[in-house]
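FYI, it's all coordinate maths here, none of it is from the lab. Since this is a predicted model, take the numbers as computed values, not measurements. Please note: Cβ atoms are built from the backbone with ideal geometry, for glycine as well, and neighbour counts cover all protein chains shown.
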Amino acid sequence: MTDKELINDIKVGNLKPVYLLTGDENHYIDVVSDYIENNIVDPSLRDFDQTVLYGKDVAMADVIGNAKRFPVMSPVHVVLVKEAQDIDIKQWDAVANYLKQPVPQTMLVFCYRHKKLDKRTAAYKAIAKVGVVFEASKLYDNQVPTWIRNNVQSNGFVISEKAVMMLADYLGSDLAKVSNELSKLYPLIPNGGEITEQLVEQQVGISKDFNVFELQNAIGRRDPVMCNRIINYFAANPKKNPIQPILAVLYGYFLKIMYYHQLENKSDAAKVLGCPPSFVKDYAQAAANYSLGKLASCIGYLYEADLRSKGVRNSGNVTDGEILKEMIFKIIH
């Protein structure tokens, strides 16, 4: 079941006595819980019939006590438990006991973020039996571009392929972060308008000519002049270009070149790499310039740079800019 399917199920009034929103992709958990919090109980009645609790502040006994209370003025009493993973697992047996005879007018919702509730527990089994377990799993990196396209389309806009790849590479698979950046872009264009790479550059904080995407392209071409220009810009503007996101993007880039190397059928490259077909030629060029052995060495250089930027094997006198310059020299030579 997707988040949209679950919300549609709730919209038509198919309410269950308990919901477990769990998993390591917080974005989907937030989407569903926000809908429940903002749409089930009328705003004028929420002081009476909606209770929001936080796992670190309550015991499960408090949660169950609230769940047993009947609504005062609304047809449904919503009990929303955020950060439910902070409640000691030993206390969750109380949920199984409550669900033997739940209050029909109560909608008990657990937001169990960052991980999944153990399926072997009595609580999980009871929730799955009488309620809904919604498991939100993180996307693979190559699935993020499709997610971005679908999100943009569902909001009534279009997006250029380069803008898609810039967002996916720069923001990674953290869908909450991606969704937040997209929500900043939508008000800036008319309905049906296009999100272009220029708009992404302006609003997401990516320099037009000196950014990590241009750097990876220059690395792929083994272009020392352009690499040095971009790295010098990064070194001169360290606050706008912190080293950690740069290393993360380059790590993903080298992995994709490795994947390309090992593809038996190169016609599958766009699907495997999660990029438009027009981008495949860039990975093909990079694969021609970097053997698998060299790519393994490059990932080692990234690891070394990461450690040095965190003070390991670094006397403290070497700046992040200098670490990047040395790393890039090793990569392209």
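Miscellaneous remarks
- Charge tally in the Cβ shell below 13 Å around PRO242, where Lys, Arg are +1 and Asp, Glu are -1, PRO242 excluded: +1
- Dipole magnitude of the range 54-172 about its Cα centre (Cβ charges: Lys, Arg +1; Asp, Glu -1), debye to nearest 20: 380
- Considering only alpha-carbon pairs that sit under 8 angstrom and 6 or more positions apart, the relative contact order computed for the chain is 15 percent.
- For the chain, the share of DSSP beta bridges that are antiparallel, to the nearest 5, is 5%.
- For q = 0.12, 0.13, 0.14 Å⁻¹, Debye-computed log10 I/I(0) when each Cα of the chain counts as one equal scatterer: -0.94, -1.01, -1.07
- Estimated translational D of the range 3-136 in µm²/s (Stokes, Kirkwood radius over Cα pairs; 4 °C; 1.567 mPa s): 89
- Cα centroid separation, the range 96-163 to the range 11-69 (Å): 13
- Note on ASP24 and LYS239: the model spin-label points, each 7 Å out from Cα along the C-beta direction, lie 3.5 nm apart.
- Taken about its Cα centre, the chain carries a charge dipole of roughly 620 debye when the Cβ of each Lys and Arg holds +1 and the Cβ of each Asp and Glu holds -1.
- Estimated FRET transfer efficiency when R0 is 41 angstrom, pair LYS116-ILE189 (beta carbons, to 0.05): 0.60
- Note that the range 175-333 carries a Kirkwood radius of 17.1 Å, evaluated over its alpha carbons pair by pair.
- Taking 0.36 nm per residue of sequence separation and removing the Cα-Cα distance, the TYR35/LYS138 pair yields an extension gain of 35.1 nm.
- Trypsin sites (Lys or Arg not before Pro) within the range 304-333, DSSP loop, no more than 11 other Cβ atoms inside 10 Å: LYS310, ARG313
- Averaging Cα coordinates gives a centre for the range 293-333 and one for the range 177-234; these two points are 23 Å apart.
- The range 128-190: relative contact order as a whole-number percent, Cα under 8 Å and 6+ apart: 32
- Spacing of the two label points (7 Å from each Cα toward its C-beta) at GLN202 and LYS294, in nm: 3.9
- Filtered trypsin sites (Lys or Arg not before Pro), the range 236-277: DSSP coil and at most 10 other beta carbons within 10 Å: LYS239
- Applying a DSSP loop filter and a limit of 14 other Cβ atoms within 10 Å to the trypsin sites (Lys or Arg not before Pro) in the range 100-161 leaves LYS100, LYS119, ARG120.
- Fully extended contour minus Cα-Cα distance, from ARG229 to LYS11, at 0.36 nm per residue: 73.1 nm
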